[in-house]
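Okay, structure first, notes after.
Just so you know, all these numbers are worked out from the coordinates, no wet-lab data involved. Just so you know, these numbers come straight off a predicted model, no measurement behind them. Every residue, glycine among them, receives a Cβ derived from its backbone with ideal geometry; neighbour counts consider all protein chains shown.
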Amino acid sequence: MVEFFLQSPDLVIFLVLLTLGYAAGSLAEKRHYRSIEKRERELVRLAVVTAEGSFPPGRVRQAFLVSGSTVVSIDYFKRLLAILRNIFGGRVKAYESLVDRARREAILRMKAEAHQRGAGMILNLRLETATIGRNANRKKQVGSVEAIAYGTAVVFNK
Amino acid sequence: MKFTPRLPDENVNVSKTHPLAELAWLLGGLLLLCLLVFGGLGLAVDLTVDHLPPRVEGWLGDYARRQFPAREAAPLQRRLDALTAVLPPDSPLRGRIFRVRLSSDPQVNAVALPGNTIVIFSGLLDEVTSENELSMVLAHELGHFAHRDHLRQLGRGLVITAVAALLFGERSGVTELASDLFLTWQASYSRRQEAAADAYALELLVACYGQAAGATDLFVRLAAKKGPRPSRLLASHPYPEKRIEVLRQLIEQRGYPVAERIPLGDDLRRLLAKEVGKE
């Protein structure tokens, strides 16, 4: 058994990367979600809507663009799951949490900027995603997802 | 409409499945897929072995002869020709020209190769003590030809190697491992294949000599000699005790006479002396 592993260094490297990818990836994801949930609770009072909104004259003191963006990378383990998914089809569950984290983090960064500048509300929220590293499932390619959130922050007159 | 700031109770955008559970499912599916492909191709080979064109078998034979460097040996060829001369008229082997070659390899073994070639290793020649014994070995290999076992066995190995090459690439370690493990010219025959070849050989032996002496001699001797280094013949032709038993039963059932063994002819003795340096 040991001899078999010694004779196939490729397999050993693969297994090490897989274990490392799973351990590090899970840890990073857990920490990120804890941080996201904490900041979401803190900023829950700042309303974000996708509607355009219209206000009576004199109600709005200032309006400006706010944006937040984030890039989240896949890990070795998630990539293996996605490659296997490519054989059978179906939901790529391994990537769902990546996109979810990227979107929520982007919105949070946007909200943080708006909050810092004293906005009471963000209107017209738009979300966009982009992939960085086009062939994420190919060898020697790092796949990651970028999410960008932008909207119009409004500061109301007291 | 009043705005009530609150967070959603649960995240609907991420599946609840544990990643390791998903991995187990996907790997299980992949394994099932491999097994299906493996089984399906194995079945296809079993079917096509019976219809393999002579041209393809010829090509395989050329390839096989390169794996087993051996030379012609007239005394052995004479024994084989004597056996093929008494083949039953309806035998599938009728009309095919069989060649026997001698390899200087000291292992105690004989192999049936594609392209109607039998290779006898000098180690086996050294063990043989009578004409009858040698004929039994040759007839046994002829039995494998008659049942096309030599192709069947090779076909499975080829399928596994082909599947590995498709999945992992031709130069990968996995493919090398698969071909090392499975694409072997001396893989074990199954118990059923061995029993069938034995029965075939016994019939041919009786047809040639009119009696069944020497049918079990070589195996009795090799089975008794089980030392620290088991013979290659037993490795590729397993179950010796069982086979001796079955052969004895067959001889008894069919009432084959058992008379004297014929000692090795002078031409074979000379060949042996030249080959292994002993009289």
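Numbers below:
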| read-out | value |
| --- | --- |
| Residue order, fewest to most beta carbons within 10 Å, for A:Met1, A:Met110 | A:Met1, A:Met110 |
| Amide H contacts of A:Met121 (H built 1.01 Å from N, under 5 Å, at least 5 apart or other chain) | A:Val154 |
| B:Glu241, A:Glu146 arranged by Cβ crowding within 10 Å, fewest neighbours leading | B:Glu241, A:Glu146 |
| Fraction of alpha-carbon pairs over 20 Å apart in segment A:2-156 - percent | 60 percent |
| Phi-based couplings in Hz for segment B:38-43 (Karplus 6.51, -1.76, 1.60; Gly and Pro marked x) | 4, x, x, 5, x, 5 |
| Efficiency of FRET between B:Val37 and B:Asp9 - r from beta-carbon atoms, R0 56 angstrom, step 0.05 | 0.80 |
| Qualifying trypsin sites (Lys or Arg not before Pro) for segment A:20-52 [loop in DSSP, other Cβ within 10 Å: at most 15] | A:Arg45 |
| Residues with amide H under 5 Å from that of B:Val100, placed H, sequence gap 5 or more | B:Ile118 |
| Summed side-chain charge close to B:Trp25 - residues other than B:Trp25 whose Cβ falls under 11 Å, Lys, Arg +1, Asp, Glu -1 | +1 |
| Nearest 10 degrees, 0 to 90: helix A:9-42 Cα axis against chain A principal axis | 20 degrees |
| Average other protein chain Cβ within 10 Å of Cβ, residues A:38-48 | 1 |
| Sparse-neighbour loop sites [GluC sites (Glu not before Pro); segment A:7-64; at most 16 other C-beta within 10 Å; DSSP] | A:Glu52 |
| Backbone N under 20 Å from the A:Glu37 label point (7 Å along Cα→Cβ), restricted to segment A:96-112 | A:96-109 |
| B:Asp198, B:Asp81, B:Asp50 arranged by Cβ crowding within 10 Å, fewest neighbours leading | B:Asp50, B:Asp81, B:Asp198 |
| For segment A:65-158, the spread of Cα positions along each principal axis, largest first, Å | 58, 24, 17 |
| A:Phe156-B:Leu30 FRET efficiency (beta carbon distance; Förster radius 45 Å; 0.05 resolution) | 0.20 |
| For segment B:69-113 and segment A:32-65, distance of Cα centres in Å | 91 Å |
| Beta bridges per DSSP with both ends in chain A, % antiparallel, nearest 5 | 90 percent |
| Calculated FRET efficiency for the pair A:Thr129/A:Arg61, C-beta based, R₀ 35 Å, to 0.05 | 0.60 |
